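The values are calculated or read from the model by the stated rules, or taken from the named source; none is laboratory data. Bear in mind the structure is a predicted one, so any value in this text is a computation, not a measurement. For neighbour counting, all protein chains shown are included, and Cβ atoms are generated from backbone atoms with ideal geometry for every residue, glycine included. The accessibility values were calculated without ligands, DNA or RNA, using every heavy atom of the protein model including side chains. Shrake-Rupley method; radii C 1.70, N 1.55, O 1.52, S 1.80 Å.
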Amino acid sequence: MRGPAIVFDNVCLRLGGTQVLDQVNLRIEAGALHCLVGPNGGGKTSLVRALLGQMPHSGTIRFEGEFTTPLGYVPQLPDFDRNVPMTVNDLMALLGQRRPAFLGASRAARAANDQALERTGMAGMGKKPFGSLSGGQRQRVLLAQAISPMPWLLILDEPTAGIDEAGVRLVEALVTELNTRGVTILWINHDLEQVKRIAQSVTVINQRVLFHGPAEQIDSRLEVIR
Amino acid sequence: MNALYDFIRDHLQALAASHVLPQPFEYEFVINALMCSVLIGPLLGVLGSMVMIKRMAFFSQSVGNAAMTGVAIGVLIGESYTSPYFSMFGFCLLFALTLKYTQHRTTLANDTLIGVFLSISLAVGASLLLFVSAKINTHVMEGVLFGSILAVDHTDMNVLLGVTVICTLIGLPLYNGMLLSSLNPSLAHARGVKVRSVEYLFVVLVTLVTVACLKIIGAVLVEALLLIPAAAARNISHSLPGLVTWAVLIATFSCVVGILAPMQFHIPVPTGGAIVIVAALVFAFTTIIRGTAPQFRGASV
């Protein structure tokens, strides 16, 4: 079930008067577990938002191949409003079905959502208010919504930031398993040890692509990150 | 539709005549207003909870104020001064879409921009209404500002019914996308939601509902009835179905009691004011519940 390769061709992006991305050329192979690293403000999240179609940019982003399933996206935790009165089941319903979420989860969606929650270690937490969960638990819920239904591409924006060791291991194991099943992973990551541990390929970005290659070579290129 | 309205009215008036229903049900205009309430309650409840989540409370206030300008324009161009819907819908939609368009093209904070538009709409609306006031009687102005059940006729009921149908057909299928686009636009994009389009559509729906409710609630207070039932529901809800259900019930209850109570007890207050006072009392009650009942203390995180 491998999806297409993702090709960024001469992508430039300006926000206000600031050049955020400058002639980014990058190819992420189908089925890769690829990490994006770089300093804060280096354009990693902007690149992902351009890929999602959220940010106008010049240059092209194209997919080489076909896909039939949607893509999954795990946003950064602070980007999610905790004050909305919403249970975990409500959030899953909001994201996974056409029927208005305030009418409750449809039977079909409920089964898929329960399965996804179970895979992220959140079984039985469906009726808990999303805002009352710990950071790690909320991150797992956001991961669960991204894999229900199974995506061809999973984009993760620092999913293990602020979660405990057990949570980190669970996310790593799940992502690795998804990747072995053919899901392409694009992971924005600050933890170089983790990158070396799990990634196959890595791109270092700071407005431009500074390095693109196998993850094991990252140690020899540390100077470009600093 | 008129036959249906007559059918309902005749039955309720017969029940009032035989003392099964309270005395206010003998009056045609009370039943008209109550029929509107049955539509307004669910509309405002569902939409209001979304307005609260999207933090757009003062947006509807701006649109309500813009309706004053719409009324004035309607009078100036010769529309019926009791139902200048063409001018009201036209001007309010233009106003709301301009606000949204500007919002996407400025770095100003949302509340600042809405504040600017709110002030403009109030200034222009009040000035124009005063300018045309010589052509209309003061009760019309009072009705626009604070609502008047005496003024509700079949045209108003048809407009409200039409808006309800439009909101149901457009709003329900796009509800999840509209909510998600404000919770997390990136996630909404990833899920294939046309974020910009659904935001504009939501603005259109809020504007249509605001204008359609003006006759009952009034331009000054329509925002309160969008917001207060949702805020009261928020006090006692942990879930989205709970929030929307309570908001619908509270909005409908406020409208019905706000219309009937002044009639029953001969209190000379405008409908809009009475409805909002009832909603405010419910809000106070739910705030007390939330402060005292252990299961609701953590309702807000």
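Residues in the range A:89-106 that are within 30 Å of A:GLY31 (Cβ to Cβ), modelled with pLDDT of 90 or more and more than 7 Å from chain B (Cβ to nearest Cβ): 2 in all. Of the residues in the range B:225-232, none is away from chain A (no Cβ under 14 Å), in a loop (DSSP other than H, G, I, E, B) and crowded, with 24+ Cβ neighbours inside 10 Å.
Residues that are of a type outside the set (A, V, I, L, M, F, W, C) and closer than 20 Å to A:GLY42 by Cα: list the strands (runs of 3 or more DSSP E) wholly contained in the range A:134-225 that include at least 2 such residues.
A:201-206, A:208-214
Of the residues making up the range A:155-162, one or more are surrounded by fewer than 21 Cβ atoms within 10 Å (Cβ to Cβ), within 15 Å of the chain's Cα centre (by Cα), in contact (Cβ under 8 Å) with a residue 40 or more places away in the chain and assigned by TED's automatic domain parsing to the domain that holds A:LEU36.
A residue that is away from chain A (no Cβ under 14 Å), in a helix (DSSP H, G or I) and among the polar types (S, T, N, Q) cannot be found anywhere in the range B:238-247. For A:CYS12, state whether it is under 29 Å from B:HIS104 (Cα atoms) and in a strand (DSSP E or B). Answer is yes for this residue. Considering only the range B:65-81, I want to know if a residue exists there that is out of contact with any helix residue (DSSP H, G or I) (no Cβ under 6 Å at 6 or more places or on another chain) and under 29 Å from B:ILE8 (Cα atoms). Scanning the range B:65-81, I find at least one residue that is out of contact with any helix residue (DSSP H, G or I) (no Cβ under 6 Å at 6 or more places or on another chain) and under 29 Å from B:ILE8 (Cα atoms), so the answer is yes. Got at least one residue in the range B:150-158 being within 14 Å of chain A (Cβ to nearest Cβ), part of a helix (DSSP H, G or I) and open to solvent by 30 Å² or more (accessible area, probe 1.4 Å)? Checked the range B:150-158: no residue is within 14 Å of chain A (Cβ to nearest Cβ), part of a helix (DSSP H, G or I) and open to solvent by 30 Å² or more (accessible area, probe 1.4 Å). Restricting to the range A:47-60, name every residue that is within 13 Å of the chain's Cα centre (by Cα) and either within 10 Å of chain B (Cβ to nearest Cβ) or without any contact (Cβ under 8 Å) to a residue 40 or more places away in the chain (or both). Matches in the range A:47-60: A:VAL48, A:ARG49, A:LEU51, A:LEU52. Looking only at the range A:107-135, residues that are away from chain B (no Cβ under 14 Å) and open to solvent by less than 20 Å² (accessible area, probe 1.4 Å) come to 4 in all.
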